[in-house]
Structures are given as structure tokens and as C-alpha cells.
Amino acid sequence: MITKEAAPAAPAPARSAAEPPSRPARKRHRAWDEVPRWHIYLPLGIYLLFTLIPFYWILLFALRPAGSTSLVPWPMTTVHFEKVWTDRAFGTFFQNSVLVGVATLLATTLVALAGGYALARFDFRVKRVFMLALLCSQFVPGALLLVPLFEIFAGLQMINSLGSVIIAETVFQLPLSIILISNFIKNVPYSLEEAAWVDGCSRMRAFRVIVLPLLRPGLIAVGSFAFVHSWNHFLFALMFLNNQEKQTIPVGLNTLMSADSVDLGALAAGGIIAAVPVVIVFAFIQKWLITGFSAGAVKG
């Protein structure tokens with residue numbers, strides 16, 4: 001049996017005498033790697049201190065007894081919370097604020113979804129003019145709309161109705177919401193809808209099955225922004241609501257301050273009642289909120 005011998009391995013190429021020896025790769029240093037840690041932590045600590053001190057101060061006034069000057073809320077008391085919730089009708093204000101916020105969220109999201117889809121997927125003659133009008137409307141202050149809105153709602157007999165505040169808040173939030181939603185939809189490839197049409201889906205079904213699930217972060221971002229703005233807005237509720245049973249939390253906080261005196265404990269307790277729901281909502285939706293605003297900031 002004849003076997004073939006293995007061919008000898010080719011010798012390694014000789015290094016030229018003029019060629020310099022290879023140097024080990026040096027680790028690339030970034031500018032902030034050489035900055036001392038305290039240069040970073042000190043500004044952050046100062047910022048955190050100025051941010052948390054007001055929260056601690058309002059918590060201190062809300063939990064310590066009236067007349068106390070202690071810097072520690074001990075012994076704790078819930079008298080101020082009971083006072084504003086029952087005696088000052090904050091329970092009613094809270095329900096009205098929730099109703100206005102949820103209704104504004106739903107109305108703004110639905111109308112902005114339809115308008116944003118039209119701007120993102122259709123071309124029409126006045127499209128650029130319409131977009132310019134939406135952008136210019138952001139420079140109009142809300143106080144400038146009070147007189148015409150009051151005249152309209154008075155003619156419709158909607159003064160002292162939560163519906164007037166819901167409509168005003170929705171109109172005020174729509175321009176920015178439509179612009180954001182249109183950018184979200186532009187980031188969804190148009191080919192996905194075309195493929196659904198080829199498979200037999202109508203435009204509405206393709207939008208509901210294909211596009212709408214991809215818009216979840218954007219819808220959460222727009223809806224949360226509309227909810228928080230309507231929850232905190234003071235001007236429309238003050239002008240359009242006269243009956244105390246129809247007022248919202250911002251107007252209720254204003255009733256705790258008079259020309260002669262201010263109940264700091266009750267005012268602090270009311271502020272915490274107003275802030276806690278918003279903090280809880282943002283704690284649950286922060287991931288989708290950041291994703292939504294990042295996607296809406298990028299033009300597709």
C-alpha cells in the first residue's frame with residue numbers, strides 16, 4: 001500500500017530588518033476616565049440635595065403636629081390629611097381630577113392618533129401649512145384662550161361643567177400630541193402595512209393589527225403627558241368651574257390659602273395627595289415613557 005508523505009509546512013516569512021517590532025495595543029483612554037470621582041459626585045449631590053429638600057419640607061409640615069417646630073416629623077400625625085380629605089372636600093376634588101385626567105387622556109390620544117396617521121401616511125395640499133399651524137399654536141399661551149373659550153362654553157351652557165375643562169385641556173394638548181404621534185407612525189415601515197393589504201387586510205385592520213401594537217410606547221408617552229398636564233392645570237378649572245363640588249385639586253389647593261392666614265399643614269397634606277398619584281403612575285410607565293419620547297424625537 002503506497003502512502004503519500006505529508007508536504008512540509010511552509011516556513012514563516014522572515015521579518016525584515018527594517019520593519020519595527022509590533023507594539024502591544026494601548027488601551028484607549030476617554031476624557032472622562034481621568035476626571036476625579038468627586039468632580040462628578042459633588043455636583044450630582046448638590047443637585048439631589050436641592051431636589052429632595054422641598055419634598056422633605058412638605059412631608060415635614062404634613063406629618064408633624066400643628067405648632068411644632070421640630071425638624072423631624074415625630075410624633076407623626078395624620079390630622080392634616082384627615083382635615084383636607086373630609087373637611088375641605090379633597091375627596092371630591094380628587095375624583096373630579098381623576099375624571100378630567102382620564103377623559104383628557106383618552107380624547108387626546110384618540111384624536112391625535114387619527115390626525116397623526118393622516119399626517120404620516122397621506123399627502124395633501126395644505127399639509128405643510130397645517131403642520132406650520134400646529135407648530136405656531138405652541139407659542140400661544142393658555143391665558144389667551146380663556147375669553148374665547150368662555151364665550152363658547154357660555155353659549156353652549158357648559159360653564160360649571162367638567163366637560164368644558166376636558167374639552168379645553170384636549171384642545172390645548174392636541175397640537176403637540178399630533179406632531180409626536182405622526183413621528184411615531186413615520187418610524188413604522190410602510191411596507192408592513194402594504195404586506196398586510198396584500199394578505200387581504202383592510203386599511204383599518206392593518207392599522208389595528210400591525211401599526212397600533214408598535215405605537216404602544218408613543219401612546220403611553222402622549223397619554224401620560226396629557227394626563228399630567230390636565231391633572232396639574234389650574235387656569236381652566238378656575239375659570240370654568242364655579243361650584244365647589246365640580247372643582248379639581250389645583251383649585252382646591254388654592255382654597256387653603258386666604259388673605260389673612262395659610263394653613264401650612266393642610267396645604268402640605270393636600271400637595272402630597274396631589275403628587276402621589278402622578279409619582280405612582282410615572283414609576284410604572286417610566287420605561288415606556290423614555291422609549292416613546294426617544295422614538296418620537298427621531299424622524300423616520
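The values are calculated or read from the model by the stated rules, or taken from the named source; none is laboratory data. On a predicted model such as this, the values are computed, not experimentally measured, just so you know. Quick reminder, even Gly has a Cβ in these numbers, built from the backbone with ideal geometry, and neighbours come from all protein chains shown. For accessibility, only protein heavy atoms count, side chains too; no ligands or nucleic acids. Shrake-Rupley method; radii C 1.70, N 1.55, O 1.52, S 1.80 Å.
Does Thr86 fit the bill of being open to solvent by less than 20 Å² (accessible area, probe 1.4 Å) and either in contact with a strand residue (DSSP E or B) (Cβ under 8 Å, 6 or more places away or on another chain) or not in a loop (DSSP other than H, G, I, E, B) (or both)? Taking the combined requirement at face value, the residue does not satisfy it.
Yes or no: segment 242-249 includes at least one residue that is out of contact with any Phe, Trp or Tyr (no Cβ under 8 Å at 6 or more places or on another chain), open to solvent by less than 90 Å² (accessible area, probe 1.4 Å) and at pLDDT below 80. Checked segment 242-249: no residue is out of contact with any Phe, Trp or Tyr (no Cβ under 8 Å at 6 or more places or on another chain), open to solvent by less than 90 Å² (accessible area, probe 1.4 Å) and at pLDDT below 80. Of the listed requirements (1) open to solvent by 70 Å² or more (accessible area, probe 1.4 Å); (2) more than 22 Å from Leu105 (Cα to Cα), Pro148 misses just one: (1).
Condition first: under 26 Å from Met239 (Cβ atoms) and of a type in the set (Gly, Ala, Ser). Can you find one or more residues in segment 185-192 that meet it? Break it down stepwise before answering.
Step one: list which residues in segment 185-192 are under 26 Å from Met239 (Cβ atoms), which gives none.
No, segment 185-192 contains no residue that is under 26 Å from Met239 (Cβ atoms) and of a type in the set (Gly, Ala, Ser).
Within segment 151-198, the set of residues being more than 22 Å from Ser97 (Cα to Cα) and charged (D, E, K, R) comprises Glu151, Lys186, Glu193, Glu194. Quick check, is Lys287 charged (D, E, K, R) and at pLDDT below 85? For Lys287, the condition - charged (D, E, K, R) and at pLDDT below 85 - is met. Only a single criterion out of (1) in contact with an Asp or Glu (Cβ under 8 Å, 6 or more places away or on another chain); (2) at pLDDT 90 or above is not satisfied by Ala206, namely (2).
So which residues in segment 213-243 are aromatic (Phe, Trp, Tyr) and over 14 Å from the mean Cα position of the chain (by Cα), if there are any at all? Across segment 213-243, the qualifying residues are Phe234, Phe236, Phe240. For segment 52-75, a tally of residues being part of a loop (DSSP other than H, G, I, E, B) and surrounded by fewer than 12 Cβ atoms within 10 Å (Cβ to Cβ) returns 7.
Scanning segment 152-168 for residues that are open to solvent by 70 Å² or more (accessible area, probe 1.4 Å), in a loop (DSSP other than H, G, I, E, B), closer than 29 Å to Gly91 by Cβ and in contact (Cβ under 8 Å) with a residue 24 or more places away in the chain turns up nothing.
Close Cβ contacts (under 6 Å, 6 or more residues apart or on different chains) running from residues in segment 41-58 that are under 16 Å from Ser70 (Cα atoms) to residues that are of a type in the set (Asp, Glu) and not in a helix (DSSP H, G or I) are absent.
List the helices (runs of 4 or more DSSP H) that sit entirely inside segment 175-232 and contain at least 1 residues that are buried (at least 22 other Cβ atoms within 10 Å of the Cβ) and among the polar types (S, T, N, Q). Show your work before the answer.
On the way: elements: 190-198, 203-206, 216-232.
The qualifying helices (runs of 4 or more DSSP H) are 216-232.
Val279 meets each of the listed conditions (1) without any contact (Cβ under 8 Å) to a residue 40 or more places away in the chain; (2) surrounded by 20 or more Cβ atoms within 10 Å (Cβ to Cβ); (3) among the β-branched types (Val, Ile, Thr) apart from (2).
Taking Ser70, is it hydroxyl-bearing (Ser, Thr, Tyr) and at pLDDT 55 or above?
yes
Only one entry in Val228, Val198, Val262, Val222 is at pLDDT 85 or above and more than 24 Å from Ile181 (Cβ to Cβ), namely Val198.
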